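The values are calculated or read from the model by the stated rules, or taken from the named source; none is laboratory data. Quick caveat: nothing in here was measured; it's all calculated off a predicted structure. Methodologically, a virtual Cβ is constructed for each residue, glycine included, from the backbone with ideal geometry; neighbour enumeration extends over all protein chains shown.
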Amino acid sequence: MIRPLLRGAAHRVLAALAVLLGAAGLAFAALQLIPGDPVAIILGPATQASAQVQAAIRAEYGLDRPVLGQFLHYLGRLATGDLGRSYQLQRQVVDLIGDQLGPTAELALAALVLAVAISVGSAIATAGRRRGLKAVASGWELLAVSSPPFWVGILLLTVFSFTLRWFPVSGAEDFSALVLPALTLALPVAGVLSQVLREGLEAALAEPFAVTARARGLSRTAVRARHALRHAAVPLVTLTGWLTGSLLGGAVLVETVFGRPGIGALTLQAVTNKDMPLVIGLVLLSALVFVVISTLVDLLYLVVDPRLRTR
Amino acid sequence: MSLLVVDGLDVAFPGVHAVRDVSFTLDAGECLAIVGESGSGKSVTARTLVGLAGDTATVRARALTFDGRDLTGVREAGWRRVRGREIGLVLQDALVSLDPLRTVGAEVGEALRVHGVVDRADRPARVRELLDGVGVPEPDRRARQYPHQLSGGLRQRALIASALAAAPRLLIADEPTTALDVTVQAQVLKLLRRLKDEGTALLLISHDLSVVAGIADRVAVMYGGVVVEHGPVREVLDDPRHPYTQALIAAVPGTRPRGVRLSITPVDGAAPGPDGCPYATRCARADDDCRAALPAHPTSGPRCRHPGPAEPAPVEPDRIAPASVVGDALVEVTGIAKRFRAPDRTWYDAVKDVSFTLARGETLGLVGESGSGKTTAARIALGFAEPDEGEVRLFGEPWSGLRERARRARRTRIQTVPQDPLGSFDPRYPVERVIGEAVARTGRRGADRRARVADLLDRVGLSRTVLTRRPRELSGGQRQRVSIARALATDPDVLVCDEPVSALDVSIQAQILDLLLDLRRDTGAAVLFISHDLGVVRHVSDRVAVMKDGAIVETGPVDDVFDHPRHDYTRELLSALPARAGAAT
Amino acid sequence: MRRTPRAAVVLCGLIVVVLALAAVAPGLFTSVSPIEADPVNALRPPGGGHWLGTDELGRDVFSRVVHGARSSLSVGLGAILVAVTAGALLGIAAALGGGVADTVLMRLADVLLSLPELMIALLVIAVLGPGTGNTMIAIAVSLVPGYARMVRAEALVVRRSGYVEAAVGLGLPRPVLIARHVLPNALGPLLVLATVGFGTAIIAVSGLSFLGLGARPPAPEWGTMLSSGRKFLAVAWWTAVFPGAAITLAVVSVNVVGRRLQAAFTKRTSA
């Protein structure tokens, strides 16, 4: 059991590094694709930087070298954790991201926990049950995946903040300010998860091993909990990427709606201002998050599904 | 009173009356086999006995008792005390019947836990004993493994052990050997026989008469939800009185002279009423009384208004010896070898040093268990896979090692009937296009092509109404007929049939085998016939080659090999065949 | 796959038709200008002459929702068409080309798939700048890797399928084989998926507009309307709620119709 796990782990870490390298290359290519003087692009449209500063940038980014040289230089800087500097905000990109990471991580985690709780509850309660109950379940799932998150956020604000005044309208100061944003971010995710889990549960309950388990005297509920739920979780592994993306991408919109600080708000600011060093830093960050999470989930699945170990 | 009494059992699903007025009894140390084809209601009967017929089922019975206790009004909680503890259930194919995400030990121990048979601390030791008891070697190691890490035979034993864990007095085995190779099947049957001798009551559900013959004391034959014949096993198998039992026994290949027609000519009888005999549509003896109502359930014997002995089937000698003399070699396979990479990254030889020839007009049977390399050999002969070593020649010219372009001109002269016909049809194509595409290769266009397609349908016994239907809307037998029609469309000289009947019910298998033999006689095509089923191979082949672990271990004229096997493995295979079912040769 | 009631499918189909009409000929539904300001009647609640109310400039919300269909739907449709075409071409090229082309394309897809779709779209906008056309390209680019990956996988499955082997066995030339069996079967699932993808694209379009990166005011666009209506949420909920409802209605309908197609497709082709 240990050796294939180690081999699997080594394989996945290598694949993860390849993806990170690819993302770096992509970001570099994006910089090259923008027409005009790279120095002007790095400085942003609203710059009044002196010729001296411009020369410094040229040297820092190695812009006087051929393209391949520039790329290697750029990779070298990335390897040391240097993401460059946002000239518009007059700060290091690493620091900017570091400052904003906390609120977004908090939001994403809260949303993830909520989404998992909602979907597991909904799936267990409705899988293989009466038609009416299932219709209700697929109804809310459809609505959840079809509603734009920013609109859901606005509806929640209208009802709970402006009308009922239960939660604050914006900010990220305390727990009560986290409830509505987390719910907004969680709903579309929960809709998809619940659908996948329910279909997985129903498929597992129809398998001969579920019949065999019941023929041993297990109750329906025990078959769900002890046998079927693990099987239902297996297809989720393919959703890891989508899930990470939904939480990160959704954060951009949700943070805007609720006026929360965070990576999303930072991203929007960077894109709107064409602050390329910051944009690239954020792209690399999402690639890193994705790679770390999916590697962890892959390894977790080697534990969940013994059949994967021999493949 | 018997251990299990079933009297007048009726099970209905919305729109389907799956089980009709079924009665039988079973005692400790006795084995009753329920035999039938798919849709006969045998599995539903089995599951009903443990209350697992399903949420949509309506179950009624005059009496249903186990050990004197009434089971008719039992609720879910009551069933849970019966299941596993009183009545054990074993399903076919342990790969899917054991939870693939849990260890074998956890699965076997589950019934112990649920019924509190032994203390938690003693559970591992008991699991060990149980696995040891069903003949699983190294029980400690196996208990820690997962189902997919065990061979098919060990898996099935482990499944039986899990059903026996809480020491039920009745074991229901639903097709316990269907997915297994003959040699493994023999071992599992031996285990079941031992359990019976030790006093367990055994209810065996099977489609396979030969499996039943070797183990059952009594047999009940089901058709359309009705037990049509019931009695001591030798009586029913040696002297069947119900026309369906007779047809079923006659359909088993390999037990009677070659050339005998296996399938009965179907009668287009009027559909029976809801209370009539379900077999009336296919029965030559049926009359209006049969269609109106079933006769009363006899204690033993046929449930038929017109029982009688079977009529002997005529031997048709021209179906055995090829019409033309066996001619020149069409396919010459010389010393081919093929290696594959296993999932664990080791290489294994799928085929090693295999040679055979197929001559004009003859049928060569290629027989072996799963993994013996017969399908790989066939794919290489067809030019769908390249051998690593060796050579294939077709019609005297090189065939292997060529570019596809160079093979194309001869493609239409070598055709195949695959095991899975559905997968071989473009899912978007209706039958007309499936066959039409093949006919087009002969250069026919327009009305000419349509006429040829219609002609091919006639030859394989399909009605024109299937033309517009997609293959997945057809039954298994119809699909195989479409596949045969397509293979014949280009008038091939060589036909490669890869397990063409293995997925079919016995009576459908009989029809397809009869069709293939008729077509062989009419077209004179040489046939390479691949099967794991010794009876089928014996019935259709002129010569046979026995494969094991990628190599041919014995080859010769079919009767020589079957009656006087020279290789140990051939002997093992033949001795593993369960006792012969049906009338003596 | 679950069955949606027939009536619901028909209703959703009708909604899709109505929305398409609104996009093509908004004049059929309203004669009020969506752009012309009327400050006197600003922020009127629903009822009377403006049955969905008016916005902060006194423009009729209903008229703006109807006229907004064109922008939101056409950009979404354009994005999905571009994505499907590019995804199909790249996926087929990778599957049939094999070798280096396959490796390069799929590694590139791996990289893009590691980024959230919205992040890719934002990166593209950062490079190209905001605007309706660029929004369309950005969304298309974000969808392409997933589609290409799926088409490639599908094409590989089809190429190894029994029916392609059967066609080889009949001696069909490779181009015929590809055109007749591989392409239709590999692309079928993509077209079905694209209907559901259309819904995703509509949300993405309005999302980018909501962030102020898509259609520019005063042009009526659902996301833009939401964005400006948000500021008056405390006093005039209708300015933000109705455009959002239009998005949800459109996406629900497209999804229901898409899933129905998917179910029909699976039923027709799968074993």
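A few remarks follow.
- Here A:F209 does not fit the description of being surrounded by 17 or more Cβ atoms within 10 Å (Cβ to Cβ), outside any helix (DSSP H, G or I) and over 23 Å from the mean Cα position of the chain (by Cα).
- Residues in region B:218-265 that are more than 15 Å from B:L513 (Cα to Cα) and part of a loop (DSSP other than H, G, I, E, B): B:G224, B:G225, B:D239, B:P240, B:R241, B:H242.
- Single residue of C:A153, C:A93 found to be surrounded by fewer than 19 Cβ atoms within 10 Å (Cβ to Cβ), modelled with pLDDT of 90 or more and within 30 Å of B:P471 (Cβ to Cβ): C:A153
- Only a single criterion out of (1) touching a strand residue (DSSP E or B) at 6+ places or on another chain (Cβ under 9 Å); (2) away from chain C (no Cβ under 14 Å); (3) not hydroxyl-bearing (S, T, Y) is not satisfied by A:R226, namely (1).
- B:G390 meets each of the listed conditions (1) surrounded by fewer than 21 Cβ atoms within 10 Å (Cβ to Cβ); (2) under 33 Å from the mean Cα position of the chain (by Cα) apart from (2).
- Flag if A:W151 is part of a loop (DSSP other than H, G, I, E, B), of a type in the set (A, V, I, L, M, F, W, C), without any contact (Cβ under 8 Å) to a residue 12 or more places away in the chain and closer than 27 Å to C:L226 by Cβ: no
- Of the residues making up region C:3-44, those that are in contact with a Ser or Thr (Cβ under 8 Å, 6 or more places away or on another chain), free of Cβ contacts under 8 Å to residues at least 60 places away in the same chain and in a loop (DSSP other than H, G, I, E, B) are C:T30, C:V32, C:S33, C:D38, C:A42, C:R44.
- If you go through region B:494-506 and keep only what is in contact (Cβ under 8 Å) with a residue 40 or more places away in the chain and surrounded by 22 or more Cβ atoms within 10 Å (Cβ to Cβ), you end up with B:L495, B:V496, B:C497, B:P500, B:V506.
- Lone qualifier among B:V325, B:V354, B:V333 - being at pLDDT 90 or above and over 28 Å from the mean Cα position of the chain (by Cα): B:V333
- For region C:109-132, a residue qualifies if it is facing chain A (nearest Cβ under 7 Å) and either touching a residue at least 60 places away in the same chain (Cβ under 8 Å) or in a helix (DSSP H, G or I) (or both), and the qualifying residues are C:D110, C:V111, C:L113, C:E117, C:L118, C:M119, C:L122, C:L123, C:I125, C:A126, C:V127.
- If you go through region A:124-141 and keep only what is over 25 Å from C:S253 (Cβ atoms) and of a type in the set (A, V, I, L, M), you end up with A:I124, A:A125, A:A127.
- In the condition set (1) in contact (Cβ under 8 Å) with a residue 40 or more places away in the chain; (2) more than 10 Å from chain C (Cβ to nearest Cβ); (3) part of a loop (DSSP other than H, G, I, E, B), B:G443 is compliant with all but (1).
- Within region A:258-277, tally of residues that are under 18 Å from the mean Cα position of the chain (by Cα), within 11 Å of chain C (Cβ to nearest Cβ) and of a type in the set (A, V, I, L, M): 3
- Among the candidates A:F160, A:F167, residue that is in a loop (DSSP other than H, G, I, E, B), over 27 Å from B:L91 (Cα atoms) and more than 10 Å from chain C (Cβ to nearest Cβ): A:F167
- Failed condition for B:A106, given (1) under 30 Å from B:H297 (Cβ atoms); (2) touching a helix residue (DSSP H, G or I) at 6+ places or on another chain (Cβ under 9 Å); (3) aliphatic (A, V, I, L, M): (1)
- Cβ-Cβ distances below 8 Å connect the following pairs, each with a first residue in region A:100-126 that is in the same structural domain as A:A204 (by TED's automatic domain parsing), a second residue that is aromatic (F, W, Y), and a separation of six or more residues or different chains: A:S122/A:W140.
- Residue match in region A:138-153 (condition: surrounded by fewer than 17 Cβ atoms within 10 Å (Cβ to Cβ) and modelled with pLDDT under 80): no
- When residues in region B:409-426 are screened for being surrounded by fewer than 23 Cβ atoms within 10 Å (Cβ to Cβ), under 27 Å from the mean Cα position of the chain (by Cα) and either more than 7 Å from chain C (Cβ to nearest Cβ) or of a type in the set (S, T, Y) (or both), 1 of them pass.
- Breaking point among (1) surrounded by fewer than 20 Cβ atoms within 10 Å (Cβ to Cβ); (2) farther than 26 Å from B:Y348 by Cβ; (3) modelled with pLDDT of 90 or more, for B:A487: (1)
- The selection criterion, being in a loop (DSSP other than H, G, I, E, B), closer than 23 Å to B:L154 by Cα and either modelled with pLDDT under 90 or not hydroxyl-bearing (S, T, Y) (or both), holds for B:I215.
- Residue within region A:44-58 that is aliphatic (A, V, I, L, M), in contact (Cβ under 8 Å) with a residue 12 or more places away in the chain and within 13 Å of chain C (Cβ to nearest Cβ) present: no
- Number of residues in region B:138-157 that are within 23 Å of B:S370 (Cβ to Cβ), within 12 Å of chain A (Cβ to nearest Cβ) and in contact with a Gly (Cβ under 9 Å, 6 or more places away or on another chain): the value is 1.
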